[in-house]
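One structure is given here, and the rest of the page talks about it.
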Amino acid sequence: MVRSGNPALKESTFLDLGSGSVVSRDGEAMTLNGTVNKTGILLLLAVLTGAFAWSQVEVTAEGATGMGYLWGGLIGGFVLALMTIFKKEWAPVTAPLYALVEGLFLGAISALYNHMYEGIVTQAVMLTFGTLFALLMAYRSGLIKATENFKLGVVAATGGIALVYLLSMVLRMFGKDVPLIHESGLIGIGFSLFVIVIAALNLVLDFDFIESGVEAGAPKYMEWYAGFGLMVTLVWLYLEFLRLLAKLQSRD
């Protein structure tokens, strides 16, 4: 059974293909190497547009310029993510577009964080990819196994975090917030650490999803879709590392 806290890589994904069964022709099936290559392309596209957006953001005493890239990337990325999730066969087109647009958002928000805490972006990038490779090695070696109980626990924790963030967004509309979790106190730092652990464990479920797709002989376009799903988790993990590092540096 494929189960993931990532909304892009959910349990019913493979059942959605071919009306309940995975259908692909010889030579047109999803492969591990193909998925790795597609994921690499998506990350490269995000880095390119991210570097451009970074160069366009300038923070002065009067305010910040280039915020259109942040909001445009955020909204555009959300729309393209929904399109990809609901029309998986569009992934060869929508996934690269998502990476390009999401890169604008990441570049802009990274520039803002780096203005407040110089060097924080480099640290967050290193931590994100270090976590990715460490968990990939642990998964491939069998040190961490995506058992059913493991999947249930990660999915439940991810859902709980999503509810907390949703509640926080609603409260902010009324000028309030969830107490302590967004602050730099021990509770706020502890909450960020917990979220990072859950985001990282979602990578294990993403690896399991990709492996299941390869074994099932999913259609070739699922390489793009799986790469997109993995990128969604990496973006979440990177943003959480930024938040944690910002909290830690604000205590200095």
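The values are calculated or read from the model by the stated rules, or taken from the named source; none is laboratory data. The shown structure was predicted, so the numbers you read here are calculated from the model rather than taken from an experiment. Glycine gets a Cβ as well: all are built from the backbone with ideal geometry, and neighbour counts include every protein chain shown. Heavy atoms of the whole protein, side chains included, go into the accessibility calculation; ligands, DNA and RNA do not. Shrake-Rupley method; radii C 1.70, N 1.55, O 1.52, S 1.80 Å.
Using +1 on the beta carbon of Lys and Arg, -1 on that of Asp and Glu, and nothing else charged, what's the dipole of the chain about the Cα centre, debye to 20?
260
Calculate, axis by axis, the spread of Cα positions in the chain along the three principal axes, and write the results as whole Å, longest axis first.
Its Cα atoms span 60, 37, 36 Å along the three principal axes.
Rounding to the nearest 20 debye, state how big the charge dipole of segment 134-252 is about its Cα centre with +1 on each Lys and Arg Cβ and -1 on each Asp and Glu Cβ.
260
Could you tell me which of Leu112, Tyr238, Pro92 has its Cα farthest along the dipole of the chain towards the positive end, charges placed at Cβ (Lys, Arg +1; Asp, Glu -1), taken about the Cα centre?
Farthest towards the positive end: Tyr238.
Once you have a ≥ b ≥ c as the square roots of the Cα gyration tensor eigenvalues for segment 78-204, tell me rounded if a/c is under 1.5, and otherwise prolate or oblate according to whether a/b is larger than b/c.
Rounded is the answer for segment 78-204, as its axis ratio a/c remains below 1.5.
Out of Glu28, Glu240, Glu102, any idea which swings most in a Gaussian network model of the chain, alpha carbons joined below 10 Å?
Per the Cα network of the chain with a 10 Å cutoff, Glu28 tops the list.
Running a GNM on the chain with Cα contacts under 10 Å, which residue among Val121, Val155, Val164 ends up with the highest mean-square fluctuation?
The residue with the greatest mean-square fluctuation here is Val164.
Quick one: with all protein chains in place, what share of the accessible area of the chain is carbon or sulfur, to the nearest percent (1.4 Å probe)?
That share works out to 68 percent.
Going by Cα centres, segment 33-92 and segment 125-152 are how many Å apart?
Measuring centre to centre over Cα atoms gives 25 Å.
What value, in deg cm²/dmol to 500, does the helix sum -39500 (n - 2.57) over DSSP H runs of n ≥ 4 give at 222 nm once divided by the residues of the chain?
Computed ellipticity for the chain at 222 nm equals -25500 deg cm²/dmol.
Take the Cα atoms of segment 46-153, find their three principal axes, and give me the spread along each one in whole Å, biggest first.
Sorted from largest, the Cα extents of segment 46-153 read 53, 35, 24 Å.
Tell me the per residue accessible area of the chain using a 1.4 Å probe; a whole number in Å² is fine.
Per residue, the chain has an accessible area of 50 Å².
Name the shape class, rounded, prolate or oblate, that the alpha-carbon gyration tensor gives for segment 137-252, where a ≥ b ≥ c are the square roots of its eigenvalues, rounded holds for a/c under 1.5, and otherwise prolate holds if a/b is larger than b/c and oblate otherwise.
Judged from the Cα gyration tensor, segment 137-252 comes out prolate (a/c at least 1.5, a/b above b/c).
Counting other Cβ atoms within 10 Å, keep those with at most 16, restrict to DSSP loop, and tell me which trypsin sites (Lys or Arg not before Pro) in segment 133-182 are left.
Counting only loop positions with at most 16 other Cβ atoms within 10 Å, the trypsin sites (Lys or Arg not before Pro) in segment 133-182 are Lys145, Lys176.
Heavy atoms only, 1.4 Å probe, whole protein assembly: order Glu183, Glu223 by accessible area, highest first.
Glu183, Glu223
Name the helices (complete DSSP H segments) of the chain with a Cα length along the long axis of 18 Å or more and a Kyte-Doolittle mean of at least 1.6, or state none.
67-86, 186-216
Express the relative contact order of the chain as a whole percentage, based on alpha carbon pairs under 8 Å and six or more residues apart in sequence.
Relative contact order, the chain: 35 percent.
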